[in-house]
Amino acid sequence: MSVRKIRGIVIREQQTGESSKQIVVLAKEMGKVRLSARGAKNTKSRLLAGTQLFCYCDFTVYEGRGFLSVTQADLIESFYALRNDVEVLAQAVYLAELVDSTCPAGMEHDNILKLLLYTMQVMAKGYLPPKLAGRIFEMKYLQYSGFLASADCVTCGEQAQYFDQKEATFYCKQHRSREAVLLSRAVVQALDYVLEEEGKKLFAFRLSPEALKQLDAVLRQYLQMHVGVDLKSRRFAVDI
């Protein structure tokens, strides 16, 4: 049995028994890990505050026979402000579920961890509308996950101007399919900008409601086709 430190953000929590829970943490240098938190639901438990959804903590764990059990959770950031607005909360819940359901376990995802933390900070502080922050996260997440290298034409590599919703593919004017729809200039610029930038610079722009609606439709179709996910939490977060 060995003791170790893990720093990460809780992306899922699940009650086990009357007072304990299991949490899934996106952890630095480790990726997605499952931790057991015995007695964490007790009101007097020292694990109560740090094992809730969205909490960013330094966890002290001991490794038993095939499991990791939390003995201490030193809170770095609770992201409590995410819970003060239903639109913000819905978007944060969706992003956590997206990472949990599509990030493979057993490998490092430090770039995604940083992206998630930046997005949570932006939403918690109200710097951007939550729906725009969520779409920015999706674009960069798709790139980091290897599903979206660029938004260029798949035929010639020139800057795309059209999107085929059936194929979830980008095209230029010359090579567009019959079903492809013209993307607004703002959406094209947003895609190019997010795929080129890093860190907090990702969140340095805004979109009109019309452009955001089109971007949302593009990303939803892209996630369905290339990642194979259409989460209910996303539909709720977008439609709310």
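Counting 0.36 nm for each residue step from Arg206 to Ile76 and taking away their Cα separation leaves a gain of 43.9 nm. The label point for Arg235 and the one for Gln14, both projected 7 Å from the Cα toward the Cβ, are 2.3 nm apart.
Gain on full extension, evaluated as 0.36 nm per residue between Ser177 and Ser36 minus their Cα-Cα distance, stands at 45.7 nm.
A convex hull fitted around the alpha carbon atoms of the chain yields 127 Å³ per residue. When the Cα gyration tensor is reduced to axis lengths a ≥ b ≥ c, the ratio a/c is 1.5 or higher for region 1-116, and with a/b not above b/c it is classed as oblate. Modelled label positions at Ser69 and Glu197, each set 7 Å beyond Cα in the direction of Cβ, lie 4.7 nm from each other. Across region 103-115, computed HN-Hα scalar couplings (Karplus, 6.51 cos²θ - 1.76 cosθ + 1.60, θ = phi - 60°) run 7, x, 7, x, 8, 5, 9, 5, 5, 6, 4, 4, 4 Hz from first to last residue, x flagging Gly and Pro.
The amide H of Gln161, built 1.01 Å from its N in the peptide plane, has Tyr171, Cys172, Lys173 as neighbours under 5 Å, considering only residues 5 or more places off or on other chains.
Tell me, in nm to one decimal, what length is gained between Phe147 and Lys114 on full extension, where the rule is 0.36 nm per residue of separation less the Cα-Cα distance? Could you put the intermediate results ahead of the total?
Details: separation 33, 0.36 × 33 = 11.88 nm, distance 1.85 nm.
So the extension gain works out to 10.0 nm.
In this structure, Gln159 and Met107 have a Cβ-Cβ separation that, at R0 = 25 Å, corresponds to a calculated FRET efficiency of about 0.15.
Could you list the square roots of 5 times each eigenvalue of the Cα gyration tensor of region 113-198, that is, the equivalent ellipsoid semi-axes, sorted largest first and rounded to whole Å?
Numbers: eigenvalues 146, 34, 21 Å².
Those come to 27, 13, 10 Å.
Bridgeable lysines around Lys114 (alpha carbons under 16 Å apart, same-chain partners fewer than 8 residues away excluded): Lys28, Lys32, Lys140, Lys200, Lys201. What's the local net charge at Asn42, with K and R +1, D and E -1, over the other residues with C-beta under 13 Å away? Around Asn42, the surrounding residues sum to +4.
With all protein chains in place and a 1.4 Å probe, the accessible surface of region 64-223 carries 48 percent carbon and sulfur. For the chain, taking a cut-off of 4.7 Å between Cβ atoms, the unpaired cysteines are Cys55, Cys57, Cys103, Cys156. Near Thr16, the amide H atoms lying under 5 Å from its own belong to Lys21, Gln22; only residues 5 or more places off or on other chains count, and H is placed 1.01 Å from N. In the chain, the calculated helix contribution to ellipticity at 222 nm averages -11000 deg cm²/dmol per residue, counting -39,500 (n - 2.57) for every DSSP H run with n ≥ 4.
Normalising the average separation of contacting C-alpha pairs (under 8 angstrom, six or more residues apart) by the number of residues puts the relative contact order of the chain at 16 percent.
Can you check how the C-alpha radius of gyration of region 50-116 compares to 2.2 N^0.38 Å, as a plain ratio? List each step's numbers first, then the result.
On the way: Rg = 13.7 Å, N = 67, 2.2 N^0.38 = 10.9 Å.
With N residues counted in region 50-116, Rg over 2.2 N^0.38 Å equals 1.26.
So for each of 148-158, 4-14 I average, over its residues, the number of other beta carbons within 10 Å; can you give me the resulting order with the highest mean first?
Details: 148-158: 15.3, 4-14: 18.4.
Answer by packing, highest mean first, reads 4-14, 148-158.
Write down the accessible area per residue of the chain in Å², having rolled a 1.4 Å probe over the full set of protein chains. Walk me through the numbers on the way to the answer.
On the way: 12380 Å² over 240 residues.
Each residue of the chain exposes 52 Å² on average to a 1.4 Å probe.
If you take the Cα centroid of region 46-124 and the Cα centroid of region 152-204, the two points sit 31 Å apart. 3J(HN,Hα) couplings calculated from phi for region 76-83 with the Karplus curve 6.51 cos²θ - 1.76 cosθ + 1.60 (θ = phi - 60°) are, in sequence order, 9, 8, 8, 6, 4, 4, 4, 8 Hz; Gly and Pro show x.
The values are calculated or read from the model by the stated rules, or taken from the named source; none is laboratory data. Here the structure is a predicted model, which is why all the values come from computation and not from measurement. Here Cβ is always computed from backbone atoms with ideal geometry, including for glycine, and neighbour counts include all displayed protein chains. Surface areas here come from the heavy atoms of the whole protein model, side chains and all, with no ligands, DNA or RNA. Shrake-Rupley method; radii C 1.70, N 1.55, O 1.52, S 1.80 Å.
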